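The values are calculated or read from the model by the stated rules, or taken from the named source; none is laboratory data. Just so it is clear, the model here is predicted, and its values are computed rather than measured. Reconstructed Cβ throughout: ideal geometry from the backbone, glycine too, with neighbour counts over all protein chains shown. These area figures cover heavy atoms from the full protein model, side chains too; ligands, DNA and RNA do not enter into them. Shrake-Rupley method; radii C 1.70, N 1.55, O 1.52, S 1.80 Å.
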Amino acid sequence: MEVEIIASLTGLAGLAIGLATGLAVRVSERAQRTAVTANPVGSLPPGVASVLSVLRSSAVVVDSEDRVLRASSAARAYGLVSGDHLLVDEVLAMTRLVRRDGEIRETEIQVGPAGGRRRADGRWFAVRVAPLGSHGLVLVLAEDLTEMHRTEAIRRDFVANVSHELKTPVGALSLLAETVEGAADDPEAVRRFAGRMQYESVRLTNLVQDLMTLSRVQGDEPLPELTPIDLDEVMAEALERCQIKAVAKDIELAAGGEEGLQVRADQELLVTALRNLVDNAVAYSPEHTRVVVSTRRCDEWHVEINVTDQGIGIPDAEIERIFERFYRVDPARSRQTGGTGLGLAIVKHVTSKHGGEITVWSKEGHGSTFTIRLPLLDTPRRPAAGTTADPAPPNTAREATP
Ligand code: ADP
């Protein structure tokens, strides 16, 4: 009897334990379900908010019901999030997959300014989606790749342009070499073709030289060794280098303005920039005209160098683009004058490397004035023009600012 009671008590106890365990498991399951679905808006696991605030990428946390719990201001500004919604369907679909299987996923997306829609001018993002804790939260990190895509496109364009520009003289040289070979018994023809070969090789040399100068000045690193430079010397040297072309077109080169102004500069680069402007002024002007280069202290801290011509001018619609690499208003004319299409791009970069800027005024059919504005090295004023030695090269006249 005792044994039976003990057996039934044991059985009851077993049942009770079984019932209690079953109940406990169900309560625990319900508790867990409640934790997944009842993530109150704005509640993140401890420490997550402070980690998100130091991340460089745009960050979004989405809860188990696709609501945005937290989004950085960049994510909202870029149109990834509005209110408590993820706006990009592709990213929303990824968050659901990640929530389901816990796998981290990555993709690249393009987002238009209005959010969601792809557009030619949209921004590019590298998106990484990962589970965040065990409550169905998902973290979306979006890194802005727009600048990288833009730089890559510019690089591709530049390489294509350089290849095209190199192909022309190289092709011409190879053709001329073949022609010379075929005309070996005609000395007059050989002389003519040799002259053309020389012209093409000068063009090639100029292009390579301009490319080297451009690569030196368009990077982010500052120029080494800027020293105090006398602008009179820069002007004299630039004018001298353009003298032959000016004489060939009977164009008078004149220098004017205040003497003795100094800037902190790399002299060779500044001469190159000014020479490019004077070269253009001569190239895009008719015969028997004038090109004037003058300096002017425009305020206590800045100096201007103006290059004024009476040439063909630049159409209003083109002015914005002339400083782009290889941009030419009239490609045939530029080629005819031996231009590389890089002159003004070099001027722009040299000027900005010296803390200055380049501007242009132009009227079609009347002429142009290019102005380089640079920070002035503080120097006392010198006597006016005429009382000091004239730094202008032969064949140029120094005169008062026009
Ligand atoms: P290029 O080697 O073709 O002269 P640049 O970069 O120096 O290249 O100039 C770009 C374009 O700007 C030129 O092709 C020309 O159309 C225009 N341009 C530059 N300077 C002048 C000027 N002084 N007058 C008229 N057009 C100019």
Exercise for the section: Test residue 267 against the stated conditions and say whether it is touching a residue at least 60 places away in the same chain (Cβ under 8 Å), away from the ligand (no atom under 16 Å from the Cβ) and in contact with a strand residue (DSSP E or B) (Cβ under 7 Å, 6 or more places away or on another chain). Expected result: no
Fill in the blank from the handout: By residue number, the members of the range 160-196 that are open to solvent by 70 Å² or more (accessible area, probe 1.4 Å), aliphatic (A, V, I, L, M) and either under 34 Å from the mean Cα position of the chain (by Cα) or modelled with pLDDT of 90 or more (or both) are 170, 175
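What do you reckon, is residue 305 of a type in the set (Val, Ile, Thr) and surrounded by fewer than 21 Cβ atoms within 10 Å (Cβ to Cβ)? Explain how you work it out, then say what you get.
Numbers: of a type in the set (Val, Ile, Thr): yes; surrounded by fewer than 21 Cβ atoms within 10 Å (Cβ to Cβ): no.
Taking the combined requirement at face value, the residue does not satisfy it.
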Completion exercise
Residue count, the range 197-224, condition free of Cβ contacts under 8 Å to residues at least 40 places away in the same chain and open to solvent by less than 80 Å² (accessible area, probe 1.4 Å), comes to 7
Practice task
Looking only at the range 47-81, count how many residues are loosely packed, with under 12 Cβ neighbours inside 10 Å and touching a strand residue (DSSP E or B) at 6+ places or on another chain (Cβ under 8 Å).
Solution key: 1
Exercise for the section: Filter the range 44-81 down to the residues that are touching a helix residue (DSSP H, G or I) at 6+ places or on another chain (Cβ under 8 Å) and β-branched (Val, Ile, Thr), then identify the one that is modelled with the lowest pLDDT. Expected result: 81
Exercise for the section: Only residues that are over 13 Å from residue 139 (Cβ atoms) and either basic (Lys, Arg) or in a helix (DSSP H, G or I) (or both): list them for the range 45-81, please. Expected result: 50, 53, 54, 56, 67, 73, 74, 76, 77
Exercise for the section: Among the residues of the range 308-344, write down those that are of a type in the set (D, E, K, R) and either under 16 Å from residue 278 (Cβ atoms) or buried (at least 17 other Cβ atoms within 10 Å of the Cβ) (or both). Expected result: 309, 325, 328
Practice task
Could you tell me whether any residue of the range 261-276 is in the same structural domain as residue 298 (by TED's automatic domain parsing) and over 32 Å from the mean Cα position of the chain (by Cα)?
Solution key: yes
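Tally time: how many residues in the range 277-309 are of a type in the set (Ser, Thr, Tyr) and over 31 Å from the mean Cα position of the chain (by Cα)? Can you show your working first?
Taking the range 277-309 as the starting set, the residues that turn out to be of a type in the set (Ser, Thr, Tyr) are 284-285, 289, 294-295, 308.
If we keep only those that are over 31 Å from the mean Cα position of the chain (by Cα) as well, we get 285, 289, 294.
The number of residues fulfilling the criteria is 3.
Residue by residue, here is whether (1) buried (at least 18 other Cβ atoms within 10 Å of the Cβ); (2) closer than 25 Å to residue 64 by Cβ; (3) small (Gly, Ala, Ser); (4) modelled with pLDDT of 90 or more holds:
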site: 83; (1), (2), (3), (4): no, yes, yes, yes
site: 93; (1), (2), (3), (4): no, yes, yes, yes
site: 105; (1), (2), (3), (4): no, yes, no, yes
site: 113; (1), (2), (3), (4): no, no, no, no
site: 118; (1), (2), (3), (4): no, no, no, no
site: 134; (1), (2), (3), (4): no, yes, yes, no
site: 140; (1), (2), (3), (4): yes, yes, no, yes
site: 149; (1), (2), (3), (4): no, no, no, yes
Practice task
Report, ordered by the first and then the second residue, all pairs with beta carbons closer than 8 Å, sequence separation of six or more or different chains, a first member in the range 317-337 that is in contact (Cβ under 8 Å) with a residue 40 or more places away in the chain, and a second member that is among the β-branched types (Val, Ile, Thr) and near the ligand (Cβ under 7 Å from one of its atoms).
Solution key: none
